[in-house]
Amino acid sequence: MAREKELGRNVIFLLFFAHFILSNEALEMERKHSAERISGSAGDVLEDNPVGRLKVFVYDLPSKYNKKLVEKDARCLNHMFAAEIFMHRFLISSPVRTLDPEEADWFYTPVYATCDLTPNGLPLPFKSPRMMRSAIQLISSRWRYWNRTEGADHFFVVPHDFGACFHYQEAKAIERGILPLLRRATLVQTFGQMNHVCLKEGSITIPPYAPPQKMQAHLVPPETPRSIFVYFRGLFYDDSNDPQGGYYARGARASVWENFKNNPLFDISSQHPITYYEDMQRSVFCLCPLGWAPWSPRLVEAVVFGCIPVIIADEIVLPFADAIPWEEIGVFVAEDDVQKLDTILTSIPLEVILRKQRLLANPSMKQAMLFPQPAQAGDAFHQILNGLARKLPHDENVYMRDGEKLLNWTAGPSGDLKPW
């Protein structure tokens, strides 16, 4: 009886999918070259030009904090944390850069805190706090600008899993907390989750780095039909770091696999095919579940390839949420509702799906998620600058009174206080 019920359920899904494909093809002429804008959000704000609205002073640090790390291991240029490198390169030649610190609105300290890699290419965050402390000690002793605000008019790019908490496991990141010396600075980070100790108020949440040229090389013709209903490639379990199970992705990825591995509407696997990018462009929905952290490059890939992101990460703070209308372009599914994914997605009206696809077709939406080389108007670099410009002018309370000290230079784990 149970088998018959399951077969009947699959037939219903297949009939729905066939109806969707036929409807999609019938409306292809309407959709193919059509992009929709949301005034004041995914249109006007994304295309704001930050030039003339702020000036940034870039500290000239010894190369051991940045360039030498890339020379040692060039893999840093291609991993999902590479925004810290490309933001530095962008600012060096940006028209918002000023060589006169007296006229600067913001100060930037170029530290590549995720460029110390294991043989497997994963960043080791354990030295990052010492490296960051060393850089702050340097700028506070050579220049007077850190001390006058204790970093409140400074920003740092910290793209690791849990930002300036500098650990890839959430429990340990929470235990560590944000590096004490960064608690007045503005943090530009990929990690974003509401009511979390690793996201301080005023942070700017950015997309992870995904290689633009590589994605461009895998574009398929725009008339290619989206014949895959739900797509996902990635880990469902992390046996090496979570052998007991249940901790990785808070069990959400395991639930996807256990509930839908045999569902004909779900094309899911832990194996990455060489056609990964092409497959995303042939898909209607792309799952973007949390992993060790709430964010992943799949979010960037989904938006760039016009695949509706299905975001499974409770209380996530998404990149440039003050400019990108995530509720309009994506689908949000609570972690506890993963087992209902099939019902949720098949219940979305066709006209809603088509509108999300039209919004995703907006070039400014895609551009905002990328860090291209060279930079282009409206890209992620410019969205970061727009976010900084919107914080100006600084409030008077950012400046320290004579003799006032708020930061504790000796706070934190004893290992963080060792010289770097």
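Assorted remarks:
- Unmet requirement for residue 113, which otherwise passes all of (1) over 18 Å from the mean Cα position of the chain (by Cα); (2) buried (at least 21 other Cβ atoms within 10 Å of the Cβ): (1)
- Residues in the range 151-174 that are at pLDDT 95 or above and open to solvent by 10 Å² or more (accessible area, probe 1.4 Å): 152, 174.
- Selection from the range 319-350 of residues that are at pLDDT below 95 and of a type in the set (Val, Ile, Thr): 324
- Strands (runs of 3 or more DSSP E) (entirely within the range 237-318) containing at least 1 residues that are of a type in the set (Ser, Thr, Tyr) and surrounded by 20 or more Cβ atoms within 10 Å (Cβ to Cβ): 283-289
- Residue match in the range 175-193 (condition: of a type outside the set (S, T, N, Q), part of a helix (DSSP H, G or I) and without any contact (Cβ under 8 Å) to a residue 24 or more places away in the chain): yes
- Among (1) over 26 Å from residue 392 (Cα atoms); (2) open to solvent by 20 Å² or more (accessible area, probe 1.4 Å); (3) within 23 Å of the chain's Cα centre (by Cα), the one test that residue 68 misses: (3)
- Of all residues making up the range 222-232, the number that are at pLDDT 95 or above and either open to solvent by 40 Å² or more (accessible area, probe 1.4 Å) or closer than 30 Å to residue 178 by Cα (or both): 2
- Of residues in the range 194-218 being part of a loop (DSSP other than H, G, I, E, B) and of a type in the set (A, V, I, L, M), the one nearest to residue 152 (Cα to Cα): 199
- Qualifying residue in the range 325-346 (condition: hydroxyl-bearing (Ser, Thr, Tyr), within 30 Å of residue 258 (Cβ to Cβ) and either without any contact (Cβ under 8 Å) to a residue 24 or more places away in the chain or part of a helix (DSSP H, G or I) (or both)): yes
- The number of residues in the range 95-110 being more than 18 Å from residue 190 (Cα to Cα) and open to solvent by less than 10 Å² (accessible area, probe 1.4 Å) comes to 4.
- Across the range 127-143, the qualifying residues are those that are touching a residue at least 60 places away in the same chain (Cβ under 8 Å) and out of contact with any Asp or Glu (no Cβ under 7 Å at 6 or more places or on another chain), and the one among them that is farthest from residue 162 (Cα to Cα) is 143.
- Among the candidates 375, 389, the residue that is in contact with a strand residue (DSSP E or B) (Cβ under 6 Å, 6 or more places away or on another chain) and either of a type in the set (D, E, K, R) or at pLDDT 95 or above (or both) is uniquely 389.
- Close pairs (6 angstrom Cβ cut-off, 6 or more residues apart or separate chains): closer than 15 Å to residue 106 by Cβ in the range 377-392, of a type in the set (D, E, K, R) and open to solvent by 10 Å² or more (accessible area, probe 1.4 Å) anywhere: 386/48; 389/53; 392/105
- Within the range 204-219, the only residue that satisfies the criterion of being buried (at least 22 other Cβ atoms within 10 Å of the Cβ) and polar (S, T, N, Q) is 205.
- Inside the range 80-109, residues that are in a loop (DSSP other than H, G, I, E, B), under 20 Å from residue 67 (Cβ atoms) and in contact with a Phe, Trp or Tyr (Cβ under 7 Å, 6 or more places away or on another chain) make up a count of 3.
- The residues on offer are 39, 34, and the sole one that is among the hydroxyl-bearing types (Ser, Thr, Tyr), modelled with pLDDT under 55 and assigned to a loop (DSSP other than H, G, I, E, B) is 39.
The values are calculated or read from the model by the stated rules, or taken from the named source; none is laboratory data. The structure displayed is predicted, hence computed values, not measured ones. Glycine also receives a Cβ, built like all others from the backbone with ideal geometry; neighbour counts cover every protein chain displayed. Note: areas computed on protein heavy atoms with side chains; ligands, DNA, RNA excluded. Shrake-Rupley method; radii C 1.70, N 1.55, O 1.52, S 1.80 Å.
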